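Heads up: the structure comes next, in structure tokens.
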Ligand code: ADP
Ligand code: MG
């Protein structure tokens with residue numbers, strides 16, 4: 001990635017060069033969806049697309065922010081006035097990051113910010129965490145302070161924006177390494193880096209946006225808590241096999257079965273990745289099984305995702321699955337070239353979706 005274009009855009013917007021450019025990547029999930037808030041397991045990786053933030057300090061304690069993805073010039077804000085619920089629209093993400101850093105005790109300077117992203121927005125590839133983390137990294141560096149970026153960025157989304165998301169995105173963006181996947185344990189909050197040497201990885205943007213706030217996500221979380229309560233365990237992580245789900249029936253049983261089997265699939269996939277080169281055929285079957293579980297037991301897939309998964313397999317993929325919380329967004333296909341996947345998806349769904357190859361990239365930080 002080059003810092004030049006975003007630095008030029010900053011200069012055009014604010015009439016002066018930025019002091020630096022920071023970036024944070026988007027993320028994909030190899031397997032492990034809806035496990036984070038169940039103290040479970042997931043395998044993620046940072047994609048080689050990122051959100052760039054050019055920044056310059058201001059002496060007056062005010063913040064201005066613009067994005068090449070959004071028209072218009074949002075009103076400036078005083079750092080001292082920031083509070084949850086006060087900022088509307090997309091600027092709540094960058095301003096929430098600054099608010100959270102301030103609450104964590106880091107010195108936060110006034111800033112002019114310009115955002116440019118190559119991560120599709122609102123498509124389950126974590127453009128929101130990329131935005132908050134790139135801004136937080138810029139503010140920390142320019143403010144000369146120290147803070148836990150992962151915690152601050154989670155606070156920004158949960159408390160300031162009001163999106164009840166888990167820690168998966170922030171941990172991935174902060175800890176990613178090129179060529180590696182992250183095996184995340186959400187109970188111990190530990191990360192193990194695994195080689196991700198599996199041949200082509202293709203993201204298909206199905207052209208359908210997802211929403212965090214339509215009630216589905218909150219309803220699924222509640223179902224998991226209810227299932228754990230019935231089973232008398234602190235979280236579904238404590239359920240080792242589906243045999244232990246016997247007393248749960250109906251919808252609750254299916255929701256819990258997804259979480260328990262998804263954790264099993266993550267363990268299986270981690271074992272496959274530890275042996276390089278990984279057995280791509282078996283890993284593909286794990287991805288397929290994850291998609292079926294999300295579709296049938298957790299019921300968060302969407303028609304374009306199901307069609308994409310089928311099309312990817314027609315294109316020769318070893319496996320494919322939806323990525324993110326569901327209800328819209330992207331799919332990940334393993335083991336077929338992007339052009340072949342794009343062609344098959346176009347034949348199935350028309351020209352709306354787009355497909356692009358991704359490679360496991362590094363984490364957030366200063367670019368220039
Ligand atoms: P995801 O994280 O899956 O992309 P979210 O709904 O969590 O989807 O976050 C998308 C929101 O994040 C957008 O609606 C917008 O408010 C904000 N956002 C992300 N990237 C940008 C960007 N480059 N410019 C402006 N806002 C952005
Ligand atoms: Mg998000």
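The values are calculated or read from the model by the stated rules, or taken from the named source; none is laboratory data. Note that this is a predicted model, so its numbers are computed, not measured. Ideal geometry is used to build each Cβ from the backbone, glycine not excepted, and the neighbour counts take in all protein chains shown.
Here are the numbers for this structure:
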item	result
Check on residue 53, over 16 Å from residue 166 (Cβ atoms), buried (at least 24 other Cβ atoms within 10 Å of the Cβ) and in contact (Cβ under 8 Å) with a residue 40 or more places away in the chain	yes
Any chance residue 117 is at pLDDT 95 or above, within 16 Å of ligand 2 (Cβ to nearest atom) and in contact with a strand residue (DSSP E or B) (Cβ under 6 Å, 6 or more places away or on another chain)	yes
Looking only at region 178-200, and only at residues there that are more than 24 Å from residue 282 (Cβ to Cβ) and either in contact with a helix residue (DSSP H, G or I) (Cβ under 6 Å, 6 or more places away or on another chain) or assigned to a loop (DSSP other than H, G, I, E, B) (or both), the one that is nearest to ligand 1 (Cβ to nearest atom)	186
Per-region count, region 205-227, residues assigned to a helix (DSSP H, G or I) and touching a residue at least 12 places away in the same chain (Cβ under 8 Å)	9
Top-ranked residue in region 285-331 [being within 19 Å of the chain's Cα centre (by Cα) and part of a helix (DSSP H, G or I); ranked as surrounded by the most Cβ atoms within 10 Å (Cβ to Cβ)]	305
Of all residues making up region 110-141, the number that are within 6 Å of ligand 1 (Cβ to nearest atom), surrounded by fewer than 24 Cβ atoms within 10 Å (Cβ to Cβ) and part of a loop (DSSP other than H, G, I, E, B)	3
Selection status of residue 188, without any contact (Cβ under 8 Å) to a residue 12 or more places away in the chain, more than 26 Å from residue 12 (Cα to Cα) and either more than 15 Å from ligand 2 (Cβ to nearest atom) or surrounded by 24 or more Cβ atoms within 10 Å (Cβ to Cβ) (or both)	yes
Residue check for residue 147: more than 22 Å from residue 358 (Cβ to Cβ), within 12 Å of ligand 1 (Cβ to nearest atom) and part of a loop (DSSP other than H, G, I, E, B)	no
